[in-house]
């Protein structure tokens, strides 16, 4: 299962950890994904959405 938001497509970002001695090692930042029950195409299902999309509320929640 990919760590990607199903609404906006936000995924991981890569960069470096930089030490005080300016040594660089690879690292990655993962989006804050939450599992939410939504209604899509008329049926209830679970989706992994980032918290920014959840705050926007661009989907219909299933109860």
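Odds and ends about this structure:
- Across the chain, the mean sequence separation of Cα contacts (distance under 8 Å, 6 or more residues apart), normalised by length, yields a relative contact order of 30 percent.
- Each of (1) 5.5; (2) 4.2; (3) 4.7 is a candidate for mean projected area of the Cα convex hull in nm²; the one calculated from this structure is (1).
Any read-out appearing in this document is the output of simple, stated calculations on the displayed coordinates, not a laboratory observation. The structure presented is a predicted model; accordingly, all values stated were derived computationally and were not measured.
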